[in-house]
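The structure under discussion appears below in the form of structure tokens.
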Amino acid sequence: KHDDLCDKQDNTVESMETMGTALMKAKIMLSYMQCMTFLPVVFELPFPPVLETMLALLEISSLDIYVFFGELSCHMQTTFEQKFVFHMLLLPVICVCTGLVWKVVMFRKAHCKKFPALFTQESMRSRLNGFGSILSFGVYAGLSTKIFRLFKCRQIGQHFYLMADYSLMCYEGRWWNYGGVAIACILMYVVGIPVVQFIILWKHRAHLYEDSSLDDKAHRQVKKQYGSLYLHFREDCYYYELVNMFRKLMLTGGLILVGEHSTVQGLLGILVCAF
């Protein structure tokens with residue numbers, strides 16, 4: 001029975017290495033949904049109404065809270081600017097709430113002696129890092145697309161107007177209030193998130209995988225804290241999560257900057273996927 005159990009475990013490990021884990025499959029599906037939901041935004045094409053309705057419902061994959069309210073969202077938002085501000089504040093608000101929860105848990109761990117905590121600070125840090133990687137994966141495409149939509153303008157007469165809200169003239173007046181925020185968010189979110197993840201992986205590259213790590217304790221710690229960033233890929237492709245993020249960026253927010261020509265956008269999208 002022991003030998004049969006060992007064989008079964010070995011077969012399970014081999015199958016998981018071949019097919020990937022359930023989390024990886026979920027991330028692939030989520031990436032696909034995020035790219036699909038922004039098709040009507042990126043491309044100036046006449047999509048069928050049924051498809052547009054379905055894609056609007058899929059906006060929940062980019063953590064768009066307005067999807068939950070359906071028709072009530074018309075009363076909750078009147079302009080693109082309001083939705084833009086909400087999306088830019090989403091990540092800082094979640095970080096502040098997470099910090100408050102961390103303080104509360106640490107206070108409880110230090111002062112509640114009657115009911116001792118069943119966790120350690122290391123396990124808390126591992127959960128926090130895992131939550132951060134999943135959060136950045138979920139909001140990256142939505143944030144990038146919302147930022148680049150602020151630069152998608154159409155010339156009418158002598159002025160440029162924001163295609164998401166024609167009541168706002170681009171590069172004039174109050175547009176610069178949001179344009180400055182968008183430029184800062186490009187540095188913090190669009191560029192900052194992949195750069196931080198790459199620095200983390202590069203810093204711990206010697207302890208990412210068990211076969212190549214010379215310190216088992218360091219490997220276990222890195223695996224617990226940052227495993228969701230690289231464990232789904234081979235050792236020579238540990239950075240491939242960043243490639244996936246760049247691909248999503250190109251297929252969503254990146255194609256918006258190409259312009260209004262749908263044929264050029266479609267060709268570039270095909271080339272990105274083929275490459």
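The values are calculated or read from the model by the stated rules, or taken from the named source; none is laboratory data. Predicted model only: the values in this text are computed from it and were never measured. Cβ sites come from the backbone with ideal geometry, for glycine too, and all protein chains shown count toward neighbours. Quick note on the areas: whole protein, heavy atoms, side chains included, nothing else; ligands and nucleic acids left out. Shrake-Rupley method; radii C 1.70, N 1.55, O 1.52, S 1.80 Å.
Some notes on this structure:
- VAL50 at pLDDT 70 or above, assigned to a helix (DSSP H, G or I), open to solvent by 70 Å² or more (accessible area, probe 1.4 Å) and not polar (S, T, N, Q): yes
- For the condition modelled with pLDDT of 85 or more, assigned to a loop (DSSP other than H, G, I, E, B), more than 16 Å from the chain's Cα centre (by Cα) and not acidic (Asp, Glu), PHE151 qualifies.
- Scan of the range 163-197 for residues that are part of a strand (DSSP E or B) and over 23 Å from VAL139 (Cα atoms), ordered by number: TYR166, SER167, LEU168, MET169
- Answer residue from the range 210-233, given it is crowded, with 17+ Cβ neighbours inside 10 Å and touching a His at 6+ places or on another chain (Cβ under 8 Å) and is nearest to ALA22 (Cα to Cα) among those: TYR226
- When LEU251 is tested against (1) closer than 13 Å to TYR140 by Cβ; (2) in a loop (DSSP other than H, G, I, E, B), exactly one condition is not met: (2).
- So THR18, is it of a type in the set (Val, Ile, Thr), modelled with pLDDT of 80 or more and either part of a helix (DSSP H, G or I) or touching a His at 6+ places or on another chain (Cβ under 6 Å) (or both): no
- Residue in the range 114-128 that is within 19 Å of TYR189 (Cα to Cα) and modelled with pLDDT of 85 or more present: yes
- Unmet criterion (only one of (1) buried (at least 17 other Cβ atoms within 10 Å of the Cβ); (2) farther than 30 Å from GLY157 by Cα; (3) under 16 Å from the mean Cα position of the chain (by Cα)) for ILE186: (2)
- Residue identified as touching a residue at least 40 places away in the same chain (Cβ under 8 Å) and open to solvent by 70 Å² or more (accessible area, probe 1.4 Å) among ILE134, ILE147, ILE156: ILE134
- Inclusion of GLY266 among residues that are crowded, with 16+ Cβ neighbours inside 10 Å, under 24 Å from the mean Cα position of the chain (by Cα) and assigned to a helix (DSSP H, G or I) is not warranted.
- The set of residues in the range 234-248 being among the hydrophobic types (A, V, I, L, M, F, W, C) and either surrounded by 16 or more Cβ atoms within 10 Å (Cβ to Cβ) or part of a loop (DSSP other than H, G, I, E, B) (or both) consists of LEU242, MET245.
- Matching residues, the range 109-130, being open to solvent by 90 Å² or more (accessible area, probe 1.4 Å) and over 28 Å from the mean Cα position of the chain (by Cα): HIS111, LYS113, LYS114, PHE115, LEU118
- Residues of the range 72-112 that turn out to be basic (Lys, Arg), modelled with pLDDT under 85 and over 30 Å from LEU162 (Cα atoms), as a count: 2
- Close pairs from the range 207-233: first closer than 20 Å to SER123 by Cβ, partner open to solvent by 80 Å² or more (accessible area, probe 1.4 Å), Cβ under 6 Å, at least 6 apart: HIS219/GLU210
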